[in-house]
There are 2 protein chains.
Amino acid sequence: MYRTKTCGELRLENVNEIVTLSAWVQRTRKMGGMTFVDLRDRYGVTQLVFNNETDAELCERANHLGREFVLQVTGCVAERSAKNANLPTGDVEIIVSEMNILNEAVTPPFTIEDETDGGDDLRMKYRYLDLRRACVRKNLELRHKMAFEVRRYLDEQGFLEVETPVLVNSTPEGARDFVVPSRMNPGQFYALPQSPQTLKQLLMVSGFDRYFQIVKCFRDEDLRADRQPEFTQIDCEMSFVEQDDVLNIFEGMTKHLFRYIKNLELPDFPRMTWHDAMKYYGSDKPDTRFDMRFVELMDVLKGYGFAVFDSAAYIGGICAKGAASYTRKQLDALTDFVKRPQIGAKGMVYARVEADGNVKSSVDKFYSQEVLQQLKLAMNAEEGDLILILSGDDVNKTRKQLCELRLEMGSQLGLRDKNKFSCLWIVDFPLFEWSEEDQRFYAMHHPFTSPRLEDVPLLDSNPGAVRANAYDMVINGVEVGGGSIRIHDSRLQQKMFECLGFTQEEAERRFGFLMNAFKFGAPPHGGLAYGLDRFVSLFAGLDSIRDVIAFPKNNSGRDVMLDAPGIIDQSQLDELGLKIEVKE
Amino acid sequence: MYRTKTCGELRLENVNEIVTLSAWVQRTRKMGGMTFVDLRDRYGVTQLVFNNETDAELCERANHLGREFVLQVTGCVAERSAKNANLPTGDVEIIVSEMNILNEAVTPPFTIEDETDGGDDLRMKYRYLDLRRACVRKNLELRHKMAFEVRRYLDEQGFLEVETPVLVNSTPEGARDFVVPSRMNPGQFYALPQSPQTLKQLLMVSGFDRYFQIVKCFRDEDLRADRQPEFTQIDCEMSFVEQDDVLNIFEGMTKHLFRYIKNLELPDFPRMTWHDAMKYYGSDKPDTRFDMRFVELMDVLKGYGFAVFDSAAYIGGICAKGAASYTRKQLDALTDFVKRPQIGAKGMVYARVEADGNVKSSVDKFYSQEVLQQLKLAMNAEEGDLILILSGDDVNKTRKQLCELRLEMGSQLGLRDKNKFSCLWIVDFPLFEWSEEDQRFYAMHHPFTSPRLEDVPLLDSNPGAVRANAYDMVINGVEVGGGSIRIHDSRLQQKMFECLGFTQEEAERRFGFLMNAFKFGAPPHGGLAYGLDRFVSLFAGLDSIRDVIAFPKNNSGRDVMLDAPGIIDQSQLDELGLKIEVKE
């Protein structure tokens, strides 16, 4: 080893020890006859001291060190006179007696400190330098730890990690596949898996009983802000289980992660129906760090001559505790917020509960104080609270708008603390989603999702009302995972295909392979998958998944550091039997 | 849960408990008024009993169960009168009181037992049924355990698992890449990584210090028997290390695996130079479970008029202990073995040490007993031993032939026990390999491999003699892992490129990206990679890696179960700007 200690481990008890460190120069500074160097590695920063009086030649060499030089130094650990309480190693420094420059460094294109002057593009191009910054590296350390604890928990629970292939076949539904031309099978293509869904169900047919895999998945989609063409799932499946068994195991896994990584003991996760989530939060992934539930106000506010409300299909309000002090300017800004095209509300009504208990609203000319007091009661509002109300022709759209307003108010009132975690399960998703465009039902999850058995009779009479044995885990308004109990009964599967409008031939062509496997004795089974990238970013308190990925791609799917994708040789195209025909 | 117990856990102490099991029917048999069913899951097999006298209707239903039906049964655990010592659950059986058929099964195409009637092709097509066989599933359980223990050990040693991207760029050297057309960057292609070599070196530049990853790698090569287009590596890299540091950490990892998985405490691994390995075993991956080292016999056997030896560039022998009793027929078979075209020897000379100490050889007419006694002495042979001798014009070729003969003798004499493990490091590989065809040197590992510093002066004068800081771990004649210390000094790297005959422009074009990153302060670093598939198959005592892969591909790179690769839609080709031009 080029070192006896790392830059993160020296403490007062090491004083007088002779140590050797090898690491990077973070910065140097001259003070009086001394030169100080902050030496940095993954484990921390340690201060080196060079004294011009005791060793002028060595000190002179230290004065010529550049940022990011790689050093090997030997010296004696000494107590600092001016201690740095912000550094774990801040009580000591090293009086250097020998220095060996292991490598020089040209000046980096941005400063390698938590606060950097490098813009996004530059840092992506030099990602290997960006990764030197402690704040970036810590996210990947967290990722390692989370993946490790996931494996430890699932191993203890009897799950086997099984690697499924990356070179598979094109799947019949879902997003666009990335494909890989096969040289040995000319004209044919592998597809990269969007998820190992089919293969994990096959493993259940194989009797693997409890499977998981932390696995790369691929989707060739037009990338939105927080999407990556390759992403990582914690993919799981269990046999002989009902919905509660799956929820219990994975609630346990999540608690395990919070316990061992955040040192937090979480209470049991509430289970909220999809219906309630939509009703009270206008979202299937409600942020429950704060309450501010929707109150439906159709009974309270309709019929008083305010045309907007009188004609509305939905009127709903939220109560922002203690926000009655909002100024006109702040309220106008909120109105502008909900009227933005991305949200699309027509307007916003507000009502303040004043110190004397009276309610003052923006639509006072339509409502008597008596009605406003009923509003206050319905909203469970108190003195000092602010009531915000949206309405509209379309129940679901208006709820979504109110959801955005609720989240915005939560942010403004500081109710969305990144160090607070509120976890819940959303259950009883609808089995089908009606497509207005195609005038048909689609499977909300996928066609193998089991309906709740008590709802099976509704498959014919009222498919839209059928609830699925499907579930999502939501933390702080983020869907971190989701899954379902699968159909293992071939007659029910047949029925499901009928409801989705597949002919027998079509079902056979699209799903025949899995259905055929099921004929050899499929166990009841179900599972779920977590998005690891998002899960880690949630733990890290980050908004973007990009920061928890070592080498992410940009929104055009490019790795700007590697400069991938790129051109390949004609000879390779020839071998693959391919010709490029890019249309202008 | 559909069960209260698994099929593997019931013992005598559970007698009289009421339990529920859910699993597959392995087989049924009628005896007297009883019907017995072996119920199988991942955890074991439990015997069910149906009694025609106590419940005729239930027993009748049991008589109609088919193989591989999925059952849920409830019953009382009872002690068996006829115990089965071969089964952990063999002391008990379940007197079934309720039975629910969870799923029926059509007759599987082969019997799902350790001894099966299914051929390779059939089992690959129905791999999900093949995986039900305990002997196949056990390999994947072992794989899970090994991967888990690798992670546990490396985590304890401060290694971070970092996921590197799968969609990367084409690498300048090595085997053929699989490529992935980019829809968003028309005419351009990603490549799938042959290994994360570049990225792990970048992570060292980033200061990650200790990296590992269990990662899928891809090579589009014409597949030989034991190759897969996608395979899994345990990929590792460390900073501020010398060769010994790497060897110690990974010798520790291997011992950890043997300890926790095989319950074996291994002695320290010998370190053998590549030169000695070639000299004594004719191979850089010697099987050291048995000795039988080569003895060079040029001095002993040359100059006695036997033209074959007199003109040979190499004469070498091995001593097969106790094999003097080999018959003429056996010896002829060995001669045929070494003369097979794959081995290519011209012939074989043998000499028996007889009970009286006399040596009797196949070339007695050329050699006196006195010379033969010198041979015996040189070979360290004793009464009852058999000496086998090969010779040839080409030292290396003859050694390889002798290596094959040695391995064959080891097998014939039962010296290659799959439950015995002999581990060693091969070190001091040559840095360069001379290509007769191209009349130039190639890097034996890759162009970033560091020469031994004391050999640097030879780079100019005698490149072929330069030893690399490169190492392989060999177990039972299998190279399970290998790696090297990398060059971190840019001048030495420049020198290396010169030796390999690259112009500065060529070096820049091929390796500029990594070299550029190194300019920002590269630490001394090194690492290695294990082939997980081969490592697991070694632990499993298997000859093929296919059996430790859940869904392997065949020799044409096809997944016959998924029927991948396959045809894709014209619309997808259009989106990718590609046209298929398969030549007949």
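The values are calculated or read from the model by the stated rules, or taken from the named source; none is laboratory data. Owing to the predicted nature of the structure, the values given are computational and were not obtained by experimental measurement. Cβ sites come from the backbone with ideal geometry, for glycine too, and all protein chains shown count toward neighbours. The accessibility values were calculated without ligands, DNA or RNA, using every heavy atom of the protein model including side chains. Shrake-Rupley method; radii C 1.70, N 1.55, O 1.52, S 1.80 Å.
What the table below lists for this structure:
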{"item": "Relative contact order, percent, the range B:1-56 [alpha-carbon distance under 8 Å, six or more residues apart]", "result": "33 percent"}
{"item": "Dimensionless Rg/Rh of the range B:399-497 - Kirkwood Rh, Rg from C-alpha atoms", "result": "1.10"}
{"item": "Charged-residue dipole, Cβ positions (Lys, Arg, Asp, Glu), the range B:12-103 about Cα centre, Debye nearest 20", "result": "420 debye"}
{"item": "Acute angle (nearest 10 degrees) that the helix A:490-499 long axis makes with the longest principal axis of chain A, alpha-carbon atoms", "result": "70 degrees"}
{"item": "Low-density loop positions, GluC sites (Glu not before Pro), the range B:230-270 - DSSP coil, at most 16 other Cβ in 10 Å", "result": "B:242, B:265"}
{"item": "Whole-Å distance, taken between Cα centres, linking the range A:276-304 and the range A:424-498", "result": "24 Å"}
{"item": "Placed amide H near residue B:297: partners under 5 Å, 5+ positions off or other chain", "result": "B:315, B:316, B:317"}
{"item": "The range A:260-308: trypsin sites (Lys or Arg not before Pro) in DSSP coil with no more than 14 other Cβ atoms inside 10 Å", "result": "A:262, A:302"}
{"item": "Out-of-range pairs (alpha-carbon distance over 31 Å; input B:360/B:397; B:321/B:346; A:553/B:216; B:339/B:365; A:279/A:365; A:285/B:125)", "result": "A:285/B:125"}
{"item": "Length-normalised contact order for the range A:12-103 - Cα pairs under 8 Å, 6+ apart - percent", "result": "33 percent"}
{"item": "Innermost chain B residue relative to the axis carrying B onto A, by Cβ distance in angstrom", "result": "B:579, 2"}
{"item": "Degrees between helix B:134-156 axis and first principal axis of chain B (Cα, 0 to 90, nearest 10)", "result": "60 degrees"}
{"item": "Rounded to 5, percent antiparallel among DSSP beta bridges of the protein assembly as shown", "result": "90 percent"}
{"item": "Cα gyration tensor category, rounded, prolate or oblate, for chain A with a/c compared to 1.5", "result": "oblate"}
{"item": "Relative contact order [Cα under 8 Å, 6+ residues apart], chain A, whole percent", "result": "13 percent"}
{"item": "Global geometry of the protein assembly as shown, whether rounded, prolate or oblate, following the gyration tensor of its Cα atoms and the 1.5 cut on a/c", "result": "oblate"}
{"item": "Net charge, residue B:456 excluded, C-beta distance under 12 Å - Lys, Arg +1, Asp, Glu -1", "result": "0"}
{"item": "Coil-residue GluC sites (Glu not before Pro) of the range A:417-492, DSSP, other Cβ within 10 Å capped at 16", "result": "A:436, A:437"}
{"item": "The range A:221-245 versus the range B:399-416: alpha-carbon centroid distance in Å", "result": "50 Å"}
{"item": "Charge tally in the Cβ shell below 13 Å around residue A:468, where Lys, Arg are +1 and Asp, Glu are -1, residue A:468 excluded", "result": "-3"}
{"item": "Whole-number accessible area per residue in Å² for the range A:290-412, which is evaluated in the context of all protein chains at 1.4 Å", "result": "49 Å²"}
{"item": "Which of B:297, B:264 is most accessible, then next, and so on - probe 1.4 Å", "result": "B:264, B:297"}
{"item": "Environment charge at residue B:323 (Cβ cut-off 13 Å; Lys +1, Arg +1, Asp -1, Glu -1)", "result": "-2"}
{"item": "Average beta-carbon neighbours from other chains, 10 Å sphere, peptide B:384-392", "result": "0"}
{"item": "Which of A:273, B:449 is most accessible, then next, and so on - probe 1.4 Å", "result": "A:273, B:449"}
{"item": "Copy-to-copy label separations for residue B:413, where each label sits 7 Å from Cα toward Cβ, in nm and ascending", "result": "8.5"}
{"item": "Kirkwood-based shape ratio for the range B:261-353, expressed as Rg/Rh from alpha carbons", "result": "1.04"}
{"item": "Two-site label geometry, residue A:18 and residue B:260: point separation in nm, points 7 Å out along Cα→Cβ", "result": "3.8 nm"}
{"item": "Rounded to the nearest 10 Å², the accessible area of residue A:362 at probe 1.4 Å", "result": "50 Å²"}
{"item": "Spin-label model distance (nm) - residue B:61 vs residue A:383, 7 Å beyond Cα toward Cβ", "result": "7.0 nm"}
{"item": "Among beta bridges that DSSP assigns inside chain A, antiparallel share in %, nearest 5", "result": "90 percent"}
{"item": "Chain A: angle of helix A:243-261 to the longest principal axis, Cα-based, in degrees nearest 10", "result": "30 degrees"}
{"item": "Residue A:55 accessible area, assembled protein chains, probe 1.4 Å, Å²", "result": "60 Å²"}
{"item": "Largest to smallest accessible area among A:67, B:486, A:509, B:183 [probe 1.4 Å]", "result": "A:509, A:67, B:183, B:486"}
{"item": "Shielding by partners, peptide B:103-110 (average Cβ within 10 angstrom, other chains)", "result": "4"}
{"item": "Mean ellipticity per residue at 222 nm, deg cm²/dmol - from DSSP H runs of n ≥ 4 across chain B, formula -39500 (n - 2.57)", "result": "-8500 deg cm²/dmol"}
{"item": "Taking the C-alpha atoms of the range A:290-412, convex hull volume expressed per residue in Å³", "result": "93 Å³"}
{"item": "Surface accessible to a 1.4 Å probe, residue B:204 within the full protein complex, Å²", "result": "0 Å²"}
{"item": "Cα centroid separation - the range B:306-357 against the range A:34-109, whole Å", "result": "66 Å"}
{"item": "Shielding by partners - mean other protein chain Cβ count within 10 Å, residues of A:513-520", "result": "5"}
{"item": "Ratio of the Cα radius of gyration of the range B:1-124 to 2.2 N^0.38 Å, where N counts its residues", "result": "1.05"}
